[in-house]
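Presented below is the structure to which this report refers.
The values are calculated or read from the model by the stated rules, or taken from the named source; none is laboratory data. Because the structure is predicted, anything quoted here is derived from the model rather than measured. For neighbour counting, all protein chains shown are included, and Cβ atoms are generated from backbone atoms with ideal geometry for every residue, glycine included. Side chains included, ligands, DNA and RNA excluded: accessible areas come from the protein's heavy atoms. Shrake-Rupley method; radii C 1.70, N 1.55, O 1.52, S 1.80 Å.
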Amino acid sequence: MTAAALPTTRGFEPGAAPGWRCGRFALSLDIVRIMGVLNVTPDSFSDGGRFAAMDAALAHARAMIDQGADIIDIGGESTRPGAVPVPVDVESARVLPVLRELRGIGVPVSIDTSQPALMRAALELGASIINDVRSLRREGALEAVRASDCGLVLMHLQGDPATMQLQPQYRDVVDDVRAWLAQRCEQVCQAGVAPERIAVDPGFGFGKTHRHNRQLLAGLERLHALGRPILVGLSRKSSLGDMTGRPVTQRLAASLAAALLAVERGARIVRVHDVAATRDALAVWENVRREGQQETIDEETA
Ligand code: HH2
């Protein structure tokens, strides 16, 4: 499955959106899915420390589900530019107790990690998705997930979180990201992972300048050639601050605009901090889109 050999699609075809196998959940993607972010880290860029205590984390997860989250994504290590890596036992001690409480909550629980040992422990506890910003490239990561049927997020990242913003370079950022993801999907599938378990993510803010992020969002439709659901994480990111002049605490409007731009270009899963507002924005988008489709059907049958 090289980039050149991939089937091409003509724009966004919601009816053709594939589903996403996530362990015991089969997520249909005929509606856009919201992945609510639950950062249990003391140093996350957007909500650092707020949900590190167990009670606060559980309450926030339940609130996000009430507000319409389809997935809860638990992260125990900040991946913001320049973040200091944490040892796996520290990351596990943050994530696993929360997962233990949330595993029966009725929606898939995703674990945002690159650590194979944590992947294994989380899958044993009932996690349904492994969201790895390093695309299972750490030694042992592929083996940790291969035998399960959990969902997988493969994300593009140039470099490593510690250094990724120093000098990101691309020939054409959309083409380069697409080719990289195509190759990674192929490698992961060749290792024995079923394609229907994979969602792809262009990795906004991960080894990209603000301009690269804008170009990537503008050209997101071109990632449809990968043939896998597209997940995006744009919520509160610094490129939105660059465009609006707003600090991280005041990027809700920008995050909603960015989510809709991504969805308009075919993203089917949005990773967000502000679930209720995103659900409302998507409801407007979805209702208007359906009305547009109905008009086309009415015209064709008239
Ligand atoms: N972004 C962040 C973390 N995990 N996973 C995916 N698949 N896509 C993303 O864009 C993505 C991600 C960074 O955002 P956040 O979790 O809010 O911050 P931090 O890493 O500082 O906790």
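Couple of notes before you dig in:
- Residue match in the stretch 191-206 (condition: more than 16 Å from the ligand (Cβ to nearest atom) and more than 24 Å from PHE25 (Cβ to Cβ)): no
- Pairs with Cβ under 7 Å, 6+ apart, first in the stretch 34-62 and away from the ligand (no atom under 11 Å from the Cβ), second at pLDDT 95 or above and among the basic types (Lys, Arg): ILE34/ARG279
- Selected residue (criterion: nearest to GLN215 (Cα to Cα)) from residues of the stretch 173-200 that are open to solvent by 10 Å² or more (accessible area, probe 1.4 Å) and either without any contact (Cβ under 8 Å) to a residue 24 or more places away in the chain or in contact with a His (Cβ under 6 Å, 6 or more places away or on another chain) (or both): ASP176
- Of all residues in the stretch 207-237 being in a loop (DSSP other than H, G, I, E, B) and under 15 Å from ALA267 (Cβ atoms), the one that is farthest from the ligand (Cβ to nearest atom): GLY227
- Residue list for the stretch 76-97, restricted to those being β-branched (Val, Ile, Thr) and within 14 Å of the ligand (Cβ to nearest atom): THR79, VAL84, VAL86, VAL95
- When the stretch 110-146 is filtered for residues that are touching an Asp or Glu at 6+ places or on another chain (Cβ under 8 Å) and closer than 24 Å to ALA59 by Cβ, the ones remaining, listed by number, are SER110, ILE111, ASP112, THR113, LEU118, ILE129, ASN131.
- Of all residues in the stretch 123-143, those being more than 16 Å from the ligand (Cβ to nearest atom) and in a helix (DSSP H, G or I) number 5.
- So ARG222, is it open to solvent by less than 50 Å² (accessible area, probe 1.4 Å) and touching a residue at least 24 places away in the same chain (Cβ under 8 Å): no
- Residues located in the stretch 226-266, provided they are open to solvent by less than 10 Å² (accessible area, probe 1.4 Å) and over 19 Å from LYS208 (Cα atoms): LEU226, PRO229, VAL263, GLY266
- If you check GLY104, GLY140 for being open to solvent by 10 Å² or more (accessible area, probe 1.4 Å) and free of Cβ contacts under 8 Å to residues at least 24 places away in the same chain, only one passes: GLY104.
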